[in-house]
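What follows is calculated from the coordinates using simple rules that are stated; it is not laboratory data. Note that this is a predicted model, so its numbers are computed, not measured. When we count neighbours, we look across all protein chains shown, and the Cβ atoms used for this are built from the backbone with ideal geometry, even at glycine.
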């Protein structure tokens, strides 16, 4: 858990200090080449074209990451394992830094630039990002895919877990061009199940960081209380939390006698604030567990 804390701080810091370097590392060109090669090698049938075909591409790098994780756990009092964990989380974080993209959209000087920068927030390539209340759900989904899912699987399975999630997500992002139809459907289902527990924990953190009753009602109405390969409840909860906070903010302004001037993209600003609070809650819990382990 100490490794996770250090790795998250390093990932966030490097994204701001050396964005070009980190961005080049996170392009996963080699993985696209692997997917293309497997597609060329597969015939009309075969395992690759089936529902579980993606595992042919996932297992070798994940097993390699697991092997290195086990080999580097003990040498030099675990320092090599710590360094390895930090490098893997920095590599699998993103691929783009969410806070940087949000700030760029908020700082846009004209509608065309804002439109282009908002599209960079899309959790899936080619997806149009609409302004207004829907922005809260978009930010929450992007936060899950860029930050929280990698963090969760890193915490649960170590570097191998982070590699598993990121490679599955990258394959789904490229499925239209590189994966056969059944393979792509299986990959999307695997990704949904990998994201479901993360979305549940994010919603809990969202409720603690915002309006608990409002978030709970939205979570329940969107089917969050059912175990299914769908985490759309996260977007519903985020929209409810942000709309509640904006309404409370407007009411505070009216009570104080000030005019309500929401500014540009208030939903985006408030959603990013909630994402930071959720991340701080996760890291605070990790820090408490680390301290408890040291004291014990």
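Defining a contact as two alpha carbons under 8 Å apart and six or more residues distant in sequence, what relative contact order in percent does the chain show?
For the chain, the relative contact order is 23 percent.
When the helix-only estimate is applied to the chain (DSSP H runs of n ≥ 4, each -39,500 (n - 2.57), divided by the residue count), what is the mean residue ellipticity at 222 nm, nearest 500 deg cm²/dmol?
Rounded to the nearest 500, it is -23500 deg cm²/dmol.
Roughly speaking, what is the stretch gain from residue 292 to residue 36, that is 0.36 nm per residue apart minus the C-alpha to C-alpha distance, in nm to one decimal?
Difference between extended and current length: 87.4 nm.
Express in nm, to one decimal, how much length is gained between residue 182 and residue 217 on full extension, taking 0.36 nm for each residue of separation and deducting their alpha carbon distance.
So the extension gain works out to 9.0 nm.
With a Förster radius of 35 Å, plug the Cβ-Cβ distance of residue 249 and residue 24 into 1/(1 + (r/R0)^6) and report the FRET value to the nearest 0.05.
Efficiency, from the Cβ-Cβ distance: 0.30.
Calculate log10 I(q)/I(0) of the stretch 2-295 for q = 0.08, 0.09, 0.13, 0.16 Å⁻¹, where I(q) comes from the Debye formula with a single equal point scatterer on each Cα and nothing for solvent.
-0.38, -0.48, -0.98, -1.38
Would you mind computing, in nm to one decimal, how far apart the modelled labels at residue 76 and residue 119 are, each placed 7 Å from Cα along Cα→Cβ?
Label-label distance for residue 76 and residue 119, simple model: 4.5 nm.
Gap in Å between the Cα centre of the stretch 166-231 and the Cα centre of the stretch 56-104?
Computed from Cα coordinates, the inter-centre distance equals 22 Å.
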